[in-house]
1. Too long at a 26 Å Cα-Cα cut-off: which of A:Lys86/A:Lys162; A:Lys29/A:Lys268; A:Lys152/A:Lys289; A:Lys162/A:Lys213; B:Lys72/B:Lys268; B:Lys152/B:Lys268?
2. For chain B, modelled as a Gaussian network with Cα springs under 10 Å, which listed residue fluctuates most, B:Leu176, B:Leu374, B:Leu197?
3. A plus B alone minus the pair: what accessible area, both sides summed, probe 1.4 Å, in Å² to 100?
4. Rounded, prolate or oblate: which fits chain A, taking a ≥ b ≥ c as square roots of the Cα gyration tensor eigenvalues, rounded meaning a/c under 1.5, else prolate when a/b beats b/c?
5. Could I have the simple spin-label model distance between A:Glu308 and A:Glu103, label points 7 Å from Cα toward Cβ, reported in nm to one decimal?
6. Under 8 Å for C-alpha pairs, at least 6 residues apart: give me the relative contact order for chain B, rounded to a whole percent.
7. If you stretched the chain out fully between A:Glu272 and A:His288, how much longer would it get, using 0.36 nm times the residue separation minus the C-alpha to C-alpha distance?
8. For all pairs of alpha-carbon atoms in region A:185-224, what percent lies in each bin of width 5 Å, listed from the first bin to the last filled one?
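The values are calculated or read from the model by the stated rules, or taken from the named source; none is laboratory data. Worth saying up front: this structure is predicted, and the values here are computed from it rather than measured. FYI the Cβ positions are ideal-geometry reconstructions off the backbone, even for glycines, and counts take in every protein chain you see. With ligands, DNA and RNA removed, areas are computed over all heavy atoms of the protein, side chains included. Shrake-Rupley method; radii C 1.70, N 1.55, O 1.52, S 1.80 Å.
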Protein chains: 2
Amino acid sequence: MRNKENGLEDVVVAGDEDTQMCPIAGIPKEDGYYMPAEFEKHDGCILIWPERPGSWPHGAVAGRRAFADVIKAIARSERVYLAASKATIAEARGALQNIPNVEIFAVETDDSWARDVGPTFLVDGKGGRRCVNWEFNAWGGTFNGLYASWEKDNAFATTFAKWFSCEYYDAAPFVLEGGSIHSDGEGTILVTEACLLSPGRNPDLDKEDIEKKLCQYLGAEKVIWIPHGIYGDETDEHVDNMCAFIRPGEVVLAWTDNEDDPQHLYSKASLEALENAVDAKGRKLVIHKLPIPSHPVWIHEEDLEGYEFEEGEDEREIGERLAASYVNFYFSNGSVIMPAFGGENVDSDLQAAFIMRDLCPEREIVQVPARDILVGGGNIHCITQQIPANLIN
Amino acid sequence: MRNKENGLEDVVVAGDEDTQMCPIAGIPKEDGYYMPAEFEKHDGCILIWPERPGSWPHGAVAGRRAFADVIKAIARSERVYLAASKATIAEARGALQNIPNVEIFAVETDDSWARDVGPTFLVDGKGGRRCVNWEFNAWGGTFNGLYASWEKDNAFATTFAKWFSCEYYDAAPFVLEGGSIHSDGEGTILVTEACLLSPGRNPDLDKEDIEKKLCQYLGAEKVIWIPHGIYGDETDEHVDNMCAFIRPGEVVLAWTDNEDDPQHLYSKASLEALENAVDAKGRKLVIHKLPIPSHPVWIHEEDLEGYEFEEGEDEREIGERLAASYVNFYFSNGSVIMPAFGGENVDSDLQAAFIMRDLCPEREIVQVPARDILVGGGNIHCITQQIPANLIN
């Protein structure tokens, strides 16, 4: 049962329904389902209100402000489905009360990364829409995962699917986060070797096995592997921070010409992989460089004082370089919602906006100050998960 | 004598020279001199380091940071001549030590508005360059001026001219500030009626007398009058906050479609005046609207606590709306150095940058966070004064 009213009087808790929905047996690809590209039409977007004290310092005040800015930008053109814990839902409703087109529902999670814990939606081009639940193990499980327990996050995708009345496939025990894949909607999936071959995910599967799983569950024909993501990215270098499709056959790639920056070799090696790649349709890719912020974004002492880490949780350190990248944008209907880092990076913020405007003249460019999301461990793309429109092709 | 070295060891004080330089007798126009447009080539730019406690709250810390950002942006493409008081020159040198192409000299002023107190430079197209000293009375003298005394500011233009070894005309007692005029470099001067006809400037001169003075001292043929500048602008609505030439025959105009904003009628009336105008070359103007910030920029309590007002000085108030406008940019060689207001105005900041980039594709667009200059009473254009190159046409 969905609570269509954004009222304060009743908190409908996702997962409390009497639904008997079970996963669909079978393989999405065989059923004609595939993952559309993010740049295609959406019906909405899922986010999760930030709360975890080890991710969001100082009571998540600044983090929530940044999330609210992202939500406001998205809600202009598509419905926002915001999950919040029972403890924070009233506060979330208060903070967002003036933003139309936002539906808030209660569900408990371990953190706020809808991209990684949310379902991956598929369509069949005939008006059908289903989704996939992956196994989630906090970016590496006991090998190098970032929390000691992740049961609530791992349950989120199926909880949402049921609440949203969307049939789902269950890919578990295959481990995957939504931020580690991009689809061009035409049969090609983009991933990094650093992440998908990391021993913390699916150590019993080799590259070929992983390609097969991706193609089966995302309805794809071809996987393009790039070696690296962003230097220091604690997700084992998710592709969504590094390289994104802006249309079929065309990508932006995080870049730096600075040879003293360890990112340079990461970007260069990934550029070479992309230059040598052919997509599912047999096309060579058009590759646009999108420079990273001109100055590194660091964790400061005042940030660090505000975190409260749990036992077994990965802790931050002063001077830790955050994995800042302009590629971590979200394509809402009609817009590119991009991070801005401010401070020393005002020039590169503006240059990134100019590049994306030139590349996507059909979209509005919206920049949201995102340092307070970065401090939590991700960026704009990481906190969103699109629900594609179930169109008939 | 000019101190060409930007060293700390000796403070050369402008005005201490033994120069016997006197104003040139005569009228610039009759001598073949005229004011080139700001978008033409410069040899440099004058600024004055902020200090006045009634303008720059909290010891001018934030103001100086914003000035340093502007100086850094300008110094990329032209030499910066920075005046600082003897009390602040060492601090200025320290703050700017890593920025090349900056020459700092000591001179005492009342405040930091090089646009309004600096000389207006003229050229003759044959390699000659001279400048004009105007009478400065703190934007309205005893009628509605902003300080009780302004002798040091009034002396600045001739002090600079002597230090820079530039012959000067003396237009005093004609009262004018540099921010109240724009030149297209081809015989047209743009002004506002609200400012130039204000009773605090030249009450004994009528509109025709003022046009004559402007044409004589700026080597112009035609004055275009618009009725208004920016609502609440305490300079009596200087044109440089409202409308600027971007090339001959083409202007940007501060604009709002919001009919509830008092600026709407100001902008509409000025648009009509521009639409009905013909420039010195007989051209109708091409007019581009440049929307003002989407949200007003206000004085906050924490700003107010930081000011120390002198007797007779205009004081700020909490909730006072600052005269924020994107038109108050500076054309350096190769760039448009634009204000950004941040906060609620991130969207309009970006839209303004996009508009200027489309209008000036040959220039780099640089945005500098400018709220801390606005708090002082002006904006980027107000704190600069270009020294045009003395080219041979």
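1. Violating the 26 Å Cα-Cα cut-off are A:Lys29/A:Lys268; A:Lys152/A:Lys289; B:Lys72/B:Lys268; B:Lys152/B:Lys268.
2. B:Leu197
3. Summed over both sides, the interface buries about 1200 Å².
4. rounded
5. About 3.3 nm separates the two model spin labels.
6. With pairs under 8 Å counted, the relative contact order is 22 percent.
7. 4.5 nm
8. The distribution over region A:185-224 is 6, 25, 33, 22, 12, 2, given as percents.
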